[in-house]
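Novice: Before anything else, here's the structure in question.
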Amino acid sequence: MRIALLSRNPKLYSTKRLIEAAKARGHEIRIFDVLRCYMNITSHRPGIHYKGEEITGFDAVIPRIGASVTFYGTAVLRQFEMMGVYPLNESVAISRSRDKLRALQLLSRKGIGLPVTGFANKPDDIQDLIKMVGGAPLVIKLLEGTQGIGVVLAETEKAAASVIESFLGLHASALVQEYVKESGGADIRCFVIGDRVVAAMKRQGKEGEFRSNIHRGGTASLIRITPEERSTAVRAANTMGLNVCGVDMLRSNHGPVVMEVNSSPGLEGIETVTNKDIAGMMIEFLERHAKSGRTKTKGKG
Ligand code: ADP
């Protein structure tokens, strides 16, 4: 196979591992900086150019699109799809999961466990919104945040109201969410490929920190997940229409609750903790599914 890898940083662990795994399995793989791809949006013959040359002859494309370049990155990926190149994850599925609110709405429609979540636009409605999600303590999340930035724990309703008010004042959209205290500053990352959880790890926030993000000083360790957690992760992935993703969930008193589905999950933590060749499994998925012209959009909107 000829595989295109959309990545902005060839030095990243995940990028290096995907290149290594593709070559080890006898494929040709080439990396493209998505922001340097430009598009010819012409009827019947969609094309992509890269630094003066036309990109042709690829069987599959692996999108590793960072949150800050979602708009342009998914447009380039869509162009690959229109050219009949099979995407490991589809552009529409990536867009769906990147919008935290849209993702939670879709997951709730399928009855997947979620922390009770509210969303409002006007400061007048804040008190009722807080009541709706069960009162303080609660978690407030900027819609645009990643790596735990913009995720705030408000201990009192007064604190919650003033944080929400200031976010609204800055025209920043924020979710208000039940605080799942019983998870004890830990969350579970399930790595899904196709219809299977192929690896899982637990991330524990550092002492006194409720956010378990590795970027915030959290540590990862091996964990055995329950059948319910396994099926929740697979259902969440299917709901998003993602073939490969990281499903982040909390262990709550009422079962697993999904916080986020990540369409470009990092490989370093999960491969190190589990000692598994996840990159190889991603390439193997392409071997099984990437036939030219097999691109199809699984869902609407
Ligand atoms: P980001 O996408 O920025 O990482 P998350 O929504 O994943 O934001 O939140 C970051 C971390 O904060 C999570 O990994 C989890 O440890 C903690 N967290 C988030 N939401 C809740 C919640 N409702 N209850 C308890 N802990 C939470």
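Novice: Which value, to two decimals, describes the C-alpha radius of gyration of the chain once divided by 2.2 N^0.38 Å? Write down the numbers at each step before the final one.
Specialist: Details: Rg = 20.0 Å, N = 301, 2.2 N^0.38 = 19.2 Å.
In units of the globular-protein estimate, the chain measures up at 1.04.
Novice: So the label point goes 7 Å from the Cα of Q105 along Cα→C-beta, right? Which residues of the stretch 61-98 then have their backbone N under 19 Å from it?
Specialist: Label zone hits: 71, 92-98.
Novice: Which ordering of C37, C245 is given by a fewest-first count of other beta-carbon atoms within 10 Å?
Specialist: C37, C245
Novice: At what distance in nm do the modelled label points of R196 and T272 sit from each other, each positioned 7 Å from its Cα along Cα→Cβ?
Specialist: Once both label points are built, they end up 2.6 nm from each other.
Novice: Could you check the spin-label model distance between V69 and I149? Points 7 Å from the Cα along Cα→Cβ, value in nm.
Specialist: So the two model labels end up 1.7 nm from each other.
Novice: Within the stretch 53-133, list the trypsin sites (Lys or Arg not before Pro) lying in a DSSP loop whose Cβ has at most 16 other Cβ atoms in a 10 Å radius.
Specialist: Of the trypsin sites (Lys or Arg not before Pro), the ones in loops of the stretch 53-133 whose Cβ has at most 16 other Cβ atoms within 10 Å are K110.
Novice: Taking each pair of different alpha-carbon atoms in the stretch 2-95 once, compute 1/r for the pair, average those values, and report the inverse of that mean as the Kirkwood hydrodynamic radius in Å to one decimal. Can you show the working numbers first?
Specialist: Working: mean 1/r = 0.0748 Å⁻¹.
The Cα-based Kirkwood calculation yields 13.4 Å.
Novice: With springs only between Cα atoms under 10 Å apart, run a GNM on the chain and tell me which of V244, V261, V151 wobbles the most.
Specialist: Judging by the Gaussian network model, the answer is V151.
Novice: Taking the alpha-carbon centroid of each part, what is the distance from the stretch 1-71 to the stretch 213-277 in angstrom?
Specialist: The stretch 1-71 and the stretch 213-277 have Cα centres spaced 25 Å from each other.
Novice: Translational diffusion coefficient, Stokes-Einstein: compute it for the stretch 200-265 using the Kirkwood radius over C-alpha pairs as Rh, at 20 °C and 1.002 mPa s, and state it as an integer in µm² s⁻¹.
Specialist: Answer from the Stokes-Einstein relation: 169 µm²/s.
Novice: Under 20 Å from the Cα of K202, which lysines turn up, not counting those fewer than eight places away in the same chain?
Specialist: Counting by Cα, and skipping residues close in sequence, K202 has these lysines nearby: K181, K276.
Novice: About its Cα centre, what dipole magnitude does the stretch 182-284 give when the only charges are +1 on Lys and Arg Cβ and -1 on Asp and Glu Cβ, stated in debye to the nearest 20?
Specialist: 140 debye
Novice: Counting only GluC sites (Glu not before Pro) that sit in a DSSP loop (anything but H, G, I, E, B) with at most 12 other Cβ atoms within 10 Å, what is the longest stretch of the chain containing none of them?
Specialist: Maximal segment without exposed cleavage sites: 1-154.
Bear in mind that the values in this text are calculations on the coordinates, not laboratory data. On a predicted model such as this, the values are computed, not experimentally measured, just so you know. Every residue, glycine among them, receives a Cβ derived from its backbone with ideal geometry; neighbour counts consider all protein chains shown.
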